[in-house]
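I have placed the structure first, in the form of structure tokens, so that the comments after it can refer back to it.
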Amino acid sequence: MKFKYILLAGAVSLMMAGCSENSFLDNPPQATLSDATMTSADGANLLINAAYAALGGPAGQTNSVCFYPTSNWSYGEVRSDDAYKGGGGVGDVNDIHKMETFDVNASNVNLDIKWYHLFCSVQRCNSALRVLNNATDDQIEKRQIRIAEMKVLRAHFYFELSRLFNKIPYFDETVGSNDEYKTISNNQYTRDEILGKLAKEMLDAAEVLPETQTEVGRINKYIAYAYAAKIKLYQAYKQDETTHAVTSVDKGLMQEVVTLCDKLINSGKYDLLSDFQGLDLIANENGKESVFAIQYSANDGTINGGRINWSNLLNSPAGGSPYGGDGFFLPSQDLINAYQTDANGLPDFDYQSKADYSKVTDNGNNTYSLSNTTPTVDPRLDFVVGRPNISWKTYTKTACNGWVRDKGTYGYNCTKRFWVSPESSDMIQGWPWGASQMNWQIIRYADVLLWKAEALIEIGSDLNTARSLINKVRERAKNSSYVKDFTDKSKNAANYSISLYSADNWTQDYARKALRTEMRLETAMEGERFFDLVRWGIADQVMNNFLTAEKTKRIYYTNSKFTKGKDEYLAIPNNQYGFSGGTYVQNPGYPSFK
């Protein structure tokens, strides 16, 4: 495997700014270095690198990262209609099972550690900013640029906190002790105010950041613009503070989203990869479609094979697969059904009223048969989902044959995205299972195109441009190399059909439905689906329809229900309320703190 030239920190920086398990946010450097060293250029760079390293989780290469992933597979997909928890059954990492079934309360450890990790990451940025602010430009090269980088990273971590927990305390590097933290309410700012602060921080940073950086992985101007567009897109959907219902859409903010997306679109620096499946190739990971990514590396001299993506460590296929993994994070049958297309090659919006596509029958002896495979489907189905009997990437030894640990609970399909093909020299053999140096894309160019399309649709004044943007994403999928039949490479593995939207009947309502479907199909399993549903104000409708449809297939959903006005956000953890000395308030819908 190749080494990757990356910016992010290794073991030294992790030691320098690790999370202390004995305190909440009082997160000083843990090594025995002098004040003179820490205020020097070398000390500042260590703190900066530690803040970048927190993108992959502040605990680094440890088990805690896979249980509280920065990739949001459990928080943004398993809580949605896209995915099941998977693994060895409902009791295997039961805290995530409770999130999947909306049986969450303030004592859930998964919530507490996620909150803690994100605020540790905020504090890494604040620690670096304190040193940078107290230095001079002569002492630290590119000091103003490094300050802007840290502000973008801090805003990223705060954005994650906001869309997970809603009511969060906000503070910057001027707050410096636990006693001060405890006095800061998590109800001081509304969601709208928090998002406004974060968007401004991104835009202020963009004014300082260069268009390009010489070191791979460093934040540039376009990352800040793109992230500001994403935050403003969320902010544009105004939510009632008590019910979380979307009460209005701010067209002025939507126009700002358009303007910000255009900065990337018109830059000439970004484009879609020609083939969707190229997203999972190491050669393309810092290519033209990558806007902002967590940089990973393999065989770089650090433990456990390198600085690999521990957020996805539980998720490599199991059940006798060549990866030999734990088999968490599995695609839902509803997601598979959603890839069906109509006679015109467009999404079948009525898919839930029809029989399950590609229903699996277990014939024993590791053999399976698929039924109801004649309907046409979007080719991205087999780019995203591993179905039994279907070719798996470029692997030639076997087809994907039920690579799931608990088939009786979760079915037979697994997630195909985010893995290199098992025969690839880029994959680590053995532990960590299925790992490689593949980056995790936080923002890719397809996101930017769809954000602009969404904003234009909500503004309502330029639906044709929105259609062309959606069609550009669909055209890439249409022109990608389709998955072939495992035994006959002259045939496609399914009846693939995907077409572009025409101007006929392209109304605002229809365009909105098309955009939201496209966003699901294009970004499935990337950690965004649940947050999209909440942003649009349709989480209760979509999730209860999903739970009703899936109960007959997944009996653990029998008593599950999404409660509007509650389940849009996670509970503020009990431990954090205790840390605040009673300052924090609970989110609507959950029992109040006593």
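Computed values, structure above
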read-out	value
Number of the exception - I147 against (1) over 26 Å from N574 (Cα atoms); (2) at pLDDT below 95	(2)
Top-ranked residue in the range 488-501 [being in a loop (DSSP other than H, G, I, E, B) and open to solvent by less than 60 Å² (accessible area, probe 1.4 Å); ranked as nearest to S358 (Cα to Cα)]	A494
Residue check for T523: β-branched (V, I, T) and under 26 Å from D240 (Cβ atoms)	no
Extreme residue, most open to solvent (accessible area, probe 1.4 Å), among residues of the range 474-487 that are assigned to a loop (DSSP other than H, G, I, E, B) and either touching a Phe, Trp or Tyr at 6+ places or on another chain (Cβ under 7 Å) or touching a residue at least 60 places away in the same chain (Cβ under 8 Å) (or both)	S481
Close pairs (9 angstrom Cβ cut-off, 6 or more residues apart or separate chains): closer than 20 Å to S461 by Cβ and open to solvent by 60 Å² or more (accessible area, probe 1.4 Å) in the range 232-261, modelled with pLDDT of 95 or more and basic (K, R) anywhere	E256/K232
Residues being under 13 Å from S497 (Cα atoms), open to solvent by less than 50 Å² (accessible area, probe 1.4 Å) and part of a loop (DSSP other than H, G, I, E, B) - total across the range 374-404	5
Failed item in (1) surrounded by 17 or more Cβ atoms within 10 Å (Cβ to Cβ); (2) touching a Lys or Arg at 6+ places or on another chain (Cβ under 9 Å); (3) of a type in the set (G, A, S); (4) within 29 Å of R163 (Cβ to Cβ), with G460 passing the rest	(1)
Hits in the range 63-109 (condition: under 18 Å from E526 (Cβ atoms), open to solvent by less than 10 Å² (accessible area, probe 1.4 Å) and either assigned to a loop (DSSP other than H, G, I, E, B) or at pLDDT below 95 (or both))	V65, C66, P69, S71, N72, V78, R79, S80, D81, D82
Among the candidates I223, I219, residue that is hydrophobic (A, V, I, L, M, F, W, C), modelled with pLDDT of 95 or more, in contact with a strand residue (DSSP E or B) (Cβ under 6 Å, 6 or more places away or on another chain) and over 30 Å from G565 (Cα atoms)	I223
Output for the range 577-594, where each listed residue is open to solvent by less than 10 Å² (accessible area, probe 1.4 Å) and modelled with pLDDT under 95	S580
Residue within the range 120-133 that is in contact (Cβ under 8 Å) with a residue 24 or more places away in the chain, assigned to a loop (DSSP other than H, G, I, E, B) and either open to solvent by less than 10 Å² (accessible area, probe 1.4 Å) or among the hydroxyl-bearing types (S, T, Y) (or both) present	no
K561, sole failed condition from (1) closer than 30 Å to S358 by Cα; (2) without any contact (Cβ under 8 Å) to a residue 60 or more places away in the chain; (3) open to solvent by 20 Å² or more (accessible area, probe 1.4 Å); (4) not aromatic (F, W, Y)	(2)
Matching option when the condition is surrounded by fewer than 21 Cβ atoms within 10 Å (Cβ to Cβ) and on the phi > 0 side of the Ramachandran plot, among G327, G306, G278, G301	G301
Any chance Q255 is part of a loop (DSSP other than H, G, I, E, B) and under 30 Å from I145 (Cβ atoms)	no
Where D137 falls short, out of the listed (1) surrounded by 21 or more Cβ atoms within 10 Å (Cβ to Cβ); (2) in a loop (DSSP other than H, G, I, E, B); (3) touching a Lys or Arg at 6+ places or on another chain (Cβ under 7 Å)	(1)
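Conditions (1) open to solvent by less than 50 Å² (accessible area, probe 1.4 Å); (2) modelled with pLDDT of 95 or more; (3) outside any helix (DSSP H, G or I); (4) farther than 21 Å from Q340 by Cα, marked per residue:
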position	(1), (2), (3), (4)
G527	yes, yes, yes, yes
V542	yes, yes, no, no
N545	no, yes, no, no
Y556	yes, yes, no, yes
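Rundown of residues vs (1) at pLDDT 95 or above; (2) under 14 Å from N45 (Cβ atoms); (3) not small (G, A, S), yes/no style:
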position: R124; (1), (2), (3): yes, yes, yes
position: T136; (1), (2), (3): no, no, yes
position: L153; (1), (2), (3): yes, no, yes
position: F157; (1), (2), (3): yes, no, yes
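The values are calculated or read from the model by the stated rules, or taken from the named source; none is laboratory data. The structure displayed is predicted, hence computed values, not measured ones. When we count neighbours, we look across all protein chains shown, and the Cβ atoms used for this are built from the backbone with ideal geometry, even at glycine. Only protein heavy atoms, including side chains, enter the accessible area calculation; ligands, DNA and RNA are left aside. Shrake-Rupley method; radii C 1.70, N 1.55, O 1.52, S 1.80 Å.
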